[in-house]
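This report refers to the structure that appears directly beneath it.
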């Protein structure tokens, strides 16, 4: 069995503006940098053998704050990127609806097999995440590894562990700079603690979809 400790990057400018990020990037806010540093201090006291990160800058910067404290070498892996949202990237919800009304309607239907033009469908993205994370689990069997990644990669892991359908609304939040525990044993997933942000305190948390964002 391998323990996957999945970590979401710190808060970004586009998180606060509620813009679709996908493969495009926006910088960590001052709050996001603080969150990443607090996450690094938390990780100093947790044993793990490897530190993986998405190659997108917001994740890499967060991983850098962890590595600065723990001394781990960052292993970059583009398979850990956020879902590609094609023509929606960089837009907020109102802009998506206005500029791409047909695509927006299909997107909001939660069809697992619909891909926004230029992007990935939920089904394609889920398989990418599952295969990548199971590969890392197999590569480091019996170890605990840390993976700095993105909100919907966490979502995919949650669905893999709980069996939640791709078109079903997730009942738990996505928390910036949070710790999320999963175990993988020969392709069998189980979920542990979710959205752990104790290191941020009650006033330092950013939750997607929450008024605190």
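Readers should treat all values here as calculations from the given coordinates under stated rules, not as data from a laboratory. Computed from a predicted structure; not experimentally measured. With ideal geometry, Cβ positions are generated from the backbone for all residues, glycine too; neighbour counts draw on all protein chains shown.
Sort 75, 145 so the one with the fewest other Cβ atoms within 10 Å of its own Cβ comes first. Write out the running numbers ahead of the final one.
Numbers: 75 14, 145 21.
Ascending number of Cβ neighbours within 10 Å: 75, 145.
Taking other C-beta atoms within 10 angstrom as a stand-in for reagent exposure, 11, 95 fall in the order 95, 11, fewest first.
As a check on your grasp of the helix formula, calculate [θ] at 222 nm for the chain: sum -39500 (n - 2.57) over DSSP H runs of n ≥ 4, divide by the residue count, round to the nearest 500.
-11000 deg cm²/dmol
Residues considered: 193, 19, 31. Largest GNM mean-square fluctuation over the chain, using C-alpha springs under 10 Å, is found at 193.
One chain, two ends: residue 76 and residue 170. Fully extended at 0.36 nm per residue, the span grows by 31.1 nm beyond their Cα-Cα distance. For region 122-213, relative contact order (Cα pairs under 8 Å, six or more residues apart, normalised by length) works out to 24 percent.
Sorting the Cα pairs of the chain by distance into bins of 5 Å, from 0 upward, gives 1, 8, 16, 20, 21, 17, 10, 5, 2, 0 percent per bin. Roughly what angle does helix 151-162 make with the longest principal axis of the chain, taking Cα atoms, 0 to 90 degrees, to the nearest 10? The answer is roughly 80 degrees.
Entry note, the chain: relative contact order of 31 percent, from Cα contacts under 8 Å with a spacing of 6+ residues.
Note on the chain: GNM, Cα springs under 10 Å; of 188, 58, 50, the largest mean-square fluctuation is that of 188. Name the residue, out of 149, 162, 29, whose mean-square fluctuation peaks in a Gaussian network model built on the chain with Cα pairs under 10 Å. In this elastic network of the chain, the residue with the biggest mean-square fluctuation among 149, 162, 29 is 162. Cα centroid separation, region 34-58 to region 71-143: 21 Å. With each label modelled as a point 7 angstrom along the Cα→C-beta vector, the residue 203-residue 138 pair spans 4.9 nm. For a label point 7 angstrom out from the Cα of residue 1 toward its Cβ, which stretches of region 167-195 have the backbone nitrogen within less than 18 Å? What the label zone holds, given the 18 Å backbone N cut-off, is 180-194. Annotation: the residues 175, 87, sorted from fewest to most other C-beta atoms within 10 Å of their own C-beta, follow the order 87, 175.
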